[in-house]
Amino acid sequence: MKKQILSILLALGLVFSLAACQDKEVKKDDKQALEDKKEDQSKEASQSDLTDDEKEVIYKDALEYESENKLFAAQRELNKIKGYKDVDEKLIQVTYDYANDLMRTRNYEKAVKEFNKIEDFEDSKDKIIEAKYEHVKKYPYKANYTTEEFVKELLELDYKDIKDLSEKLK
């Protein structure tokens, strides 16, 4: 009887620990979203302070980064000068190329975030789904908030063998 009570208490402790971890993960996501919003507002304010000569220097730096396949750096620079010349179109292409590089290096969670920025561009919607699937395949036993969300979305789509993969997460 004592062993059964102890087992039940341990199980309840695990449940509460898992719930607390998931809550922290959600709060972390909310905090990141707020930081991203503040950063975007700061970028918008600083863009208007730049002269055309300064924008041109940033533009050329971005093109150089792009030619060197330093896509994250190119993206960062292009974000500083949105609305200048053909920056908005270049930014979409650089983001797409960067997201594909993230896929090649198996950084699927980050790839999803990047493809989401440009979801209406070319085959980005398909790539988002594929990146989510590959993330779940990469971490079949890592049942964290992100993986579980990806599994839910993929199950709704009845995507490939996601049903089998989702069983591993249980």
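Scanning region 73-83 for residues being buried (at least 17 other Cβ atoms within 10 Å of the Cβ) and assigned to a loop (DSSP other than H, G, I, E, B) gives a total of 1. When Lys70, Lys127, Lys132 are checked against the criterion of being surrounded by fewer than 20 Cβ atoms within 10 Å (Cβ to Cβ), out of contact with any strand residue (DSSP E or B) (no Cβ under 7 Å at 6 or more places or on another chain) and modelled with pLDDT of 95 or more, a single residue qualifies: Lys70. When each of Leu50, Leu63 is tested for being at pLDDT below 95, more than 18 Å from the chain's Cα centre (by Cα) and of a type in the set (A, V, I, L, M), the lone residue that passes is Leu50.
For Arg104, are the conditions met, namely being over 25 Å from Leu157 (Cβ atoms), within 16 Å of the chain's Cα centre (by Cα) and open to solvent by 10 Å² or more (accessible area, probe 1.4 Å)? So Arg104 does not fit the description; no.
The values are calculated or read from the model by the stated rules, or taken from the named source; none is laboratory data. None of these values were measured; they are calculated from a predicted model. Glycine gets a Cβ as well: all are built from the backbone with ideal geometry, and neighbour counts include every protein chain shown. Just the protein is used for accessible areas: all its heavy atoms, side chains included, with ligands, DNA and RNA removed. Shrake-Rupley method; radii C 1.70, N 1.55, O 1.52, S 1.80 Å.
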